[in-house]
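Trainee: Would you mind keeping the following structure in view while I ask a few things?
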Amino acid sequence: MKLDKIRIVLVNTSHPGNIGGVARAMKNMGLSRLYLVAPQQYPHEKAEWRAASAGDVLQSATVTESLSEAVADCQFIVGTSARGRRIPWPLLDPRQCAEHIDIASRNGEVAILFGREDRGLTNDELQICNLHLNIPTSEAYSSLNLAMAVQVACYELRMRLNAPGRSTQSNEQWDAPFTTRAAMEHFFVHLEQTLIDIEFLDPTAPRQLMARMRRLYSRVRLDKMELNILRGILTETQKWVARARGDN
Ligand code: SAH
């Protein structure tokens, strides 16, 4: 487990006190990289108060305008959610997630995304993730306070760090680096366009096809070599379509 490879990303947080509470939760568990995507009120003295002795985590936080900027260089992304969504993604509890994060953090950048206090993460935001983390709760009330959700997730990372013998598998010996989120987003644009070109995808009735393609490709962690091969196949497919249509 490399805690310094793991960033906590808060999307569009409303309450500055929660941002401070998150900084404290992180520092208690040994994490330090906080990303704030379009926070509604920040900087703010309430964040400072709640952070207590974790002011350094706040000071060094990275503020971005968009989620894509905050995770562009990440190879593994976990989304957190209090409730099930329309297209189910691989869903794990924090302890199970910690094992995947442990492995991914050894050879890549990892992000854990946390949503808005009122609405959580959008479906689009959850669909950039490799897997989803859900904290088991009472059925009567499943939504934790934001900072408390971060605390639980980070605590499980800490527990895993304290028990390194539990590691089962590792990709440390892999022969090519894993793709970044930015490269995957370019791939999805290319895939979507190619599916339209071959008339497999009707842009006027896309249904959930691209969401399903995203889920498929995030279940396998593609490396850069594999992604280049897929991009090459798409490019050649597009050339054949153009030729068949007599475009050139
Ligand atoms: N009403 C929102 C809950 C937002 S709570 C919803 O239904 O999605 C704010 C954030 O805390 C969530 O976006 C998530 O990141 C985290 N969180 C709260 N409860 C959680 C739970 N049970 N499991 C995982 N994350 C949770």
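The values are calculated or read from the model by the stated rules, or taken from the named source; none is laboratory data. Predicted model only: the values in this text are computed from it and were never measured. Here Cβ is always computed from backbone atoms with ideal geometry, including for glycine, and neighbour counts include all displayed protein chains. Surface accessibility is based on the protein's heavy atoms, side chains included, excluding ligands, DNA and RNA. Shrake-Rupley method; radii C 1.70, N 1.55, O 1.52, S 1.80 Å.
Trainee: How large is the Rg to Rh ratio of the range 181-245 when both quantities use alpha carbon positions and Rh follows Kirkwood? Intermediate values should be presented prior to the final figure.
Mentor: Values: Rg = 12.2 Å, Rh = 12.5 Å.
My calculation of the ratio gives 0.98.
Trainee: In straight Cα distance, which aspartates and glutamates are under 16 Å from Lys2, not counting same-chain residues fewer than 8 positions off?
Mentor: Excluding near neighbours in sequence, the set is Glu99, Asp102, Glu109, Glu156, Glu172.
Trainee: Can you give the FRET efficiency to the nearest 0.05 for Arg212 and Ala176, using r as the Cβ-Cβ distance and R₀ = 22 Å? Could the numbers behind the result be given before it?
Mentor: Numbers: r = 26 Å, r/R0 = 1.17.
Approximately 0.30, to the nearest 0.05.
Trainee: Taking square-rooted eigenvalues a ≥ b ≥ c of the alpha carbon gyration tensor, is the range 3-161 rounded, prolate or oblate, where a/c under 1.5 means rounded and, failing that, a/b exceeding b/c means prolate?
Mentor: On the way: a/c = 1.34, a/b = 1.21, b/c = 1.11.
Here the range 3-161 falls in the rounded category.
Trainee: Continuing with this model, one more query. Could you work out what % of the accessible surface of the chain is carbon and sulfur, using a 1.4 angstrom probe and leaving DNA, RNA and ligands out of the count?
Mentor: Working: 6730 of 12980 Å².
In the chain, the share of accessible area belonging to carbon and sulfur is 52 percent.
Trainee: Would you mind getting the accessible area per residue of the chain, heavy atoms of the protein chains only, 1.4 Å probe, in Å²? Mind dumping the intermediate values first?
Mentor: Details: 12980 Å² over 248 residues.
Ligands and nucleic acids excluded, the result is 52 Å² per residue.
Trainee: Can you bin the range 96-248 into rounded, prolate or oblate? Criterion: square roots of the alpha carbon gyration tensor eigenvalues sorted a ≥ b ≥ c, rounded for a/c under 1.5, prolate for a/b above b/c, oblate for the rest. Before the final figure, lay out each step's value.
Mentor: Numbers: a/c = 3.64, a/b = 1.65, b/c = 2.21.
Oblate.
Trainee: Quick one: putting +1 on the C-beta of Lys and Arg, -1 on the C-beta of Asp and Glu, what dipole do you get for the chain around its Cα centre, in Debye to the nearest 20?
Mentor: Working: 30 positive and 28 negative charges, 97 e Å.
My answer is approximately 460 debye.
Trainee: Ordered by packing density, taken as the mean number of other Cβ atoms within 10 Å over each peptide's residues, highest first, how do 115-124, 238-247, 143-152 rank?
Mentor: Those peptides, ordered most packed to least, come out 143-152, 115-124, 238-247.
Trainee: Could you list the GluC sites (Glu not before Pro) in the range 142-248 that lie in coil according to DSSP, counting only those with at most 11 other Cβ atoms within 10 Å of their Cβ?
Mentor: On the way: sites: Glu156, Glu172, Glu185, Glu192, Glu199, Glu226, Glu236; in loops: Glu172, Glu199.
Passing both the DSSP loop test and the Cβ count: Glu172, Glu199.
Trainee: So which lysines can Lys239 reach, going by Cα to Cα under 24 Å and dropping same-chain residues fewer than 8 places off?
Mentor: Within the straight-line limit of under 24 Å, Lys239 reaches these lysines: Lys224.
Trainee: Treating cross-link reach as a plain straight distance, find the aspartates and glutamates whose alpha-carbon is under 18 Å from the alpha-carbon of Lys46, omitting any fewer than eight places away in the same chain.
Mentor: Partners within reach: Asp56, Glu117.
Trainee: Does the range 18-80 classify as rounded, prolate or oblate by the C-alpha gyration tensor (a ≥ b ≥ c root eigenvalues; a/c under 1.5 gives rounded; else a/b over b/c gives prolate, otherwise oblate)? List each step's numbers first, then the result.
Mentor: Numbers: a/c = 2.25, a/b = 1.42, b/c = 1.59.
It is oblate, given that a/c is not under 1.5 and a/b is not larger than b/c.
Trainee: While we're here: Would you tell me the accessible area of Trp174, worked out with a 1.4 angstrom probe on the heavy atoms of the protein chains, in Å² to the nearest 10?
Mentor: About 120 Å², rounded to the nearest 10.
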